[in-house]
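Student: Here it is: the structure, laid out below.
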Amino acid sequence: MKRPYVYLVGAGPGDEDLITVKGLACIKKADVILYDRLANPNLLRHKKDEAICINVGKSPHHHQYTQEEINALLVEKASAGNIVTRLKGGDPYVFGRGGEEALALLEKGIAFEVVPGITSAIGASNYGGIPVTHRNVSTSFHVITGHEDPTKGKSTVNYEALAKLEGTLVFLMGVGNLKEITEELIKHGKALETPVALVHRGTTGRQKTVTGTLANIKEVVEKNQIESPSIIIIGEVVNLRDGLNWVEGLPLHGKRVLVTRTRQQASQLTTKIKALGGEVVEFPTIEIKPSENLAEIDKKMKAIDVADYIIFTSVNGVDSFFKRLRTLKKDIRDIGKGKVVAIGTATAEALEERGLVVELIPEVFTAEGILESLKGVIKKGDTVFLPRAEIARKNLVTGLMEMGAIVEEIPIYQTVIPTHRKEELLEILQEGVDIITFTSSSTANHFMEILGKENAELLSNSKIAVIGPITGKTVVELGLSVDCQGREYTIDGLINGIVEGL
């Protein structure tokens, strides 16, 4: 049996990219992961396939597990010989009750390690445009719980001392006690005009910041419906926000975007959306698998050296082609002297990374665009190999044959629907999605197959963004409308289309 070990990991304030390198490594090696509601669920994508994930999240009015039950669960899972990662929002030792969990493990003789995380006291303040310290404004900052243990009976927060401090005051988990916090500080001498800010869901795409003073912040919060999770920042540094608010002015700030690409391909689109301030929810609706008719595919692959042209229509086609080539113990020397053609810059880059020079990329990244580019180039009798998906439009084959080409299709991969809980998609849409992205007809078709037409009303408040006209046509055929489309049929074009369409 493996030696039991527990990692108490700070997941950071919300943005998944703010986890530490070491914290991410602990997720990847864990057999069991216990995670909080404030830990970004996207972090779980990095776990081992066989790892067990348990949501032990606690909200202000609902506890799935008590702290004592969490402590016992950590001991139980570790004692069974597992590597356990306890994923906690912020930092484990900053009002995260990580110390209690560590003591419970210590009592049972279970080895543990604490991996610090960025606390929301600093991270959310930063993303809200408010430095907790600033020369000639604030030379200290103080982090205070806004939600004390209700069983204590009497508060141990020394408001009299806090009111006299000139440094920044940061209250965590204090929205429900905002009235008491402001009244106590005023009562003990803090000026009514002292600036106050609340940052809701800091560092995420749904971050919202409001400002006021000790005298009026409660009314500001009620008017803007600011709820938990939020941090409260009190002090003159709040006045710096107007100049330092670098996040909330980003073009996709406040937008929740659903990405339906394959898990392997989602990262490029996800990274670009997040860089523009959007919050990404990944729900892959396609999975790429090798075709099953391998005998026929291998026969054509072994004869590919006779090709005059090899046309690749997607990155998936490139990846699948070279995987099969390796399986057949062949490499680019066995491809022959056929000219390589690619639909799209991303496909061309994938080919060039494998040492192939792309002879032609059409101006328009569609089958029609490539046929237009090949007019007068393809000669009668030229042999064209076409590695692509099993289900693909036939117009490219038809157009090539009309030019006199001999076309050899290689249906090298298939797109299938991943194993998904329909309820998961319904939950995502019910929570609210501003933009849904489709990068191929398959992503759109599979999305609607998973969702079901009976639930199409859940899309009424979401904009649909497509990578190009072919995908757009599919979306319309599915009974939906296209709201955003890029001028260039690439990921960058899709992003530009989204920004322009808002």
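The values are calculated or read from the model by the stated rules, or taken from the named source; none is laboratory data. This structure is a prediction, so every number in the text was calculated from the model and none was measured. All Cβ positions, glycine included, derive from the backbone under ideal geometry; neighbour counts span all protein chains shown.
The rows are residues; the columns are (1) free of Cβ contacts under 8 Å to residues at least 60 places away in the same chain; (2) in contact with a helix residue (DSSP H, G or I) (Cβ under 8 Å, 6 or more places away or on another chain).
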site: Leu165; (1), (2): yes, no
site: Asn177; (1), (2): yes, no
site: Lys187; (1), (2): yes, yes
site: His200; (1), (2): yes, no
site: Thr209; (1), (2): no, yes
site: Pro251; (1), (2): no, yes
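Student: Something else now. Among the residues of the stretch 490-502, which ones are surrounded by 15 or more Cβ atoms within 10 Å (Cβ to Cβ), in contact with a strand residue (DSSP E or B) (Cβ under 9 Å, 6 or more places away or on another chain) and in a loop (DSSP other than H, G, I, E, B)?
Tutor: none
Student: Would you confirm whether or not the stretch 405-415 contains a residue that is exposed (fewer than 13 other Cβ atoms within 10 Å of the Cβ) and assigned by TED's automatic domain parsing to the domain that holds Ile310? Talk me through it step by step, then tell me what you get.
Tutor: Residues of the stretch 405-415 exposed (fewer than 13 other Cβ atoms within 10 Å of the Cβ): none.
So far as the stretch 405-415 goes, no, none of its residues is exposed (fewer than 13 other Cβ atoms within 10 Å of the Cβ) and assigned by TED's automatic domain parsing to the domain that holds Ile310.
Student: Right, something else. When you check Glu68 against the structure, is it more than 28 Å from the chain's Cα centre (by Cα), within 30 Å of Ile234 (Cβ to Cβ) and either of a type in the set (A, V, I, L, M, F, W, C) or surrounded by fewer than 16 Cβ atoms within 10 Å (Cβ to Cβ) (or both), yes or no? Give the derivation first.
Tutor: On the way: more than 28 Å from the chain's Cα centre (by Cα): yes; within 30 Å of Ile234 (Cβ to Cβ): no; either of a type in the set (A, V, I, L, M, F, W, C) or surrounded by fewer than 16 Cβ atoms within 10 Å (Cβ to Cβ) (or both): yes.
For Glu68, the condition - more than 28 Å from the chain's Cα centre (by Cα), within 30 Å of Ile234 (Cβ to Cβ) and either of a type in the set (A, V, I, L, M, F, W, C) or surrounded by fewer than 16 Cβ atoms within 10 Å (Cβ to Cβ) (or both) - is not met.
Student: May I pose another question? Residue by residue through the stretch 332-371, note down the ones that are surrounded by 14 or more Cβ atoms within 10 Å (Cβ to Cβ), β-branched (Val, Ile, Thr) and under 17 Å from Ile304 (Cα atoms).
Tutor: Result: Ile335, Val340, Val341, Val358.
Student: Would you pick out the residues in the stretch 262-285 that are in a loop (DSSP other than H, G, I, E, B), farther than 20 Å from Val210 by Cα and modelled with pLDDT of 90 or more?
Tutor: Residues of the stretch 262-285 that are in a loop (DSSP other than H, G, I, E, B), as a first pass: 262-265, 276-278, 283-285.
Going one step further and asking which of them are farther than 20 Å from Val210 by Cα, we end up with 262-265, 276, 283-285.
Within the stretch 262-285, Leu276, Phe283, Pro284, Thr285 meet the criteria.
Student: Applying the selection to the stretch 375-389, what residues are touching a residue at least 40 places away in the same chain (Cβ under 8 Å) and either touching a helix residue (DSSP H, G or I) at 6+ places or on another chain (Cβ under 7 Å) or under 22 Å from Tyr489 (Cβ atoms) (or both)?
Tutor: Ile378, Thr383, Val384, Phe385, Leu386, Pro387, Arg388, Ala389
Student: On to the next question. Return yes or no: is Arg37 touching a residue at least 60 places away in the same chain (Cβ under 8 Å), part of a loop (DSSP other than H, G, I, E, B) and either farther than 27 Å from Gly123 by Cα or not aromatic (Phe, Trp, Tyr) (or both)?
Tutor: Working: touching a residue at least 60 places away in the same chain (Cβ under 8 Å): no; part of a loop (DSSP other than H, G, I, E, B): yes; either farther than 27 Å from Gly123 by Cα or not aromatic (Phe, Trp, Tyr) (or both): yes.
When the stated conditions are applied, Arg37 does not pass them.
Student: Taking Ile370 as meeting all but one of (1) modelled with pLDDT of 90 or more; (2) in contact with a helix residue (DSSP H, G or I) (Cβ under 9 Å, 6 or more places away or on another chain); (3) farther than 18 Å from Asp492 by Cβ, write down the number of the exception.
Tutor: (1)
Let's see how each residue does on (1) assigned to a loop (DSSP other than H, G, I, E, B); (2) farther than 19 Å from Ile410 by Cβ:
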{"position": "Glu292", "(1), (2)": "yes, no"}
{"position": "Glu296", "(1), (2)": "no, no"}
{"position": "Pro362", "(1), (2)": "yes, yes"}
{"position": "Val377", "(1), (2)": "yes, yes"}
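Student: Now, a different point. Does at least one position in the stretch 10-23 carry a residue that is outside any loop (DSSP other than H, G, I, E, B), in contact with an Asp or Glu (Cβ under 9 Å, 6 or more places away or on another chain) and at pLDDT below 95?
Tutor: Within the stretch 10-23 (the criterion being outside any loop (DSSP other than H, G, I, E, B), in contact with an Asp or Glu (Cβ under 9 Å, 6 or more places away or on another chain) and at pLDDT below 95), the answer is no, since none of the residues qualifies.
Student: Restricting the search to the stretch 312-330, which residues are of a type in the set (S, T, N, Q), in a helix (DSSP H, G or I) and buried (at least 23 other Cβ atoms within 10 Å of the Cβ)? Explain how you work it out, then say what you get.
Tutor: Restricting attention to the stretch 312-330, the residues satisfying the condition of being of a type in the set (S, T, N, Q) are 313-314, 316, 320, 327.
Now drop any that are not in a helix (DSSP H, G or I), which leaves 316, 320, 327.
Once the filter is applied, which keeps residues that are of a type in the set (S, T, N, Q), in a helix (DSSP H, G or I) and buried (at least 23 other Cβ atoms within 10 Å of the Cβ), the stretch 312-330 yields Asn316, Ser320.
Student: Give just the number: which of (1) farther than 24 Å from Lys274 by Cα; (2) in contact (Cβ under 8 Å) with a residue 24 or more places away in the chain does Val433 not satisfy?
Tutor: With respect to (1) farther than 24 Å from Lys274 by Cα; (2) in contact (Cβ under 8 Å) with a residue 24 or more places away in the chain, Val433 is out only on (1).
Student: A further question follows. When the residues of the stretch 96-142 are filtered to those that are in contact (Cβ under 8 Å) with a residue 12 or more places away in the chain, assigned to a loop (DSSP other than H, G, I, E, B) and more than 24 Å from Thr211 (Cα to Cα), which remaining residue is farthest from the chain's Cα centre (by Cα)?
Tutor: Within the stretch 96-142, the match that is farthest from the chain's Cα centre (by Cα) is Lys108.
Student: Right, here's the next one. Scan the stretch 422-450 for residues that are surrounded by fewer than 18 Cβ atoms within 10 Å (Cβ to Cβ) and touching a helix residue (DSSP H, G or I) at 6+ places or on another chain (Cβ under 7 Å) and report the count.
Tutor: Here is the first cut: in the stretch 422-450, the ones surrounded by fewer than 18 Cβ atoms within 10 Å (Cβ to Cβ) are 422-424, 426-428, 430-432, 449.
Okay, now just the ones that are also touching a helix residue (DSSP H, G or I) at 6+ places or on another chain (Cβ under 7 Å), so 422, 426, 430.
Within the stretch 422-450, residues that are surrounded by fewer than 18 Cβ atoms within 10 Å (Cβ to Cβ) and touching a helix residue (DSSP H, G or I) at 6+ places or on another chain (Cβ under 7 Å) number 3.
Student: Would you point out which residue out of Gly99, Gly109, Gly129 is at pLDDT 95 or above, small (Gly, Ala, Ser) and surrounded by 16 or more Cβ atoms within 10 Å (Cβ to Cβ)? Give the steps one after another, and end with the answer.
Tutor: Values: Gly99 fails: surrounded by 16 or more Cβ atoms within 10 Å (Cβ to Cβ); Gly109 fails: surrounded by 16 or more Cβ atoms within 10 Å (Cβ to Cβ).
Of the residues listed, the single one that is at pLDDT 95 or above, small (Gly, Ala, Ser) and surrounded by 16 or more Cβ atoms within 10 Å (Cβ to Cβ) is Gly129.
Student: Now, a different point. Consider the stretch 451-487. How many of its residues are surrounded by fewer than 18 Cβ atoms within 10 Å (Cβ to Cβ) and within 20 Å of the chain's Cα centre (by Cα)?
Tutor: Result for the stretch 451-487: 0.
Student: Further, regarding this structure: Filter the stretch 380-395 down to the residues that are of a type outside the set (Val, Ile, Thr) and over 35 Å from the mean Cα position of the chain (by Cα), then identify the one that is nearest to Ala307 (Cα to Cα). Step through it out loud before you land on a result.
Tutor: Of the stretch 380-395, the ones of a type outside the set (Val, Ile, Thr) are 380-382, 385-390, 392-395.
Of the ones still in play, those that are also over 35 Å from the mean Cα position of the chain (by Cα) are 380-382, 385, 395.
On the way: Lys380: 13, Gly381: 11, Asp382: 8, Phe385: 6, Asn395: 20 Å.
So, considering only residues that are of a type outside the set (Val, Ile, Thr) and over 35 Å from the mean Cα position of the chain (by Cα), the one nearest to Ala307 (Cα to Cα) is Phe385.
Student: Considering the stretch 272-288 alone, what residues qualify as being in contact with a Leu (Cβ under 6 Å, 6 or more places away or on another chain) and closer than 10 Å to Leu250 by Cα?
Tutor: Leu276, Gly277, Gly278
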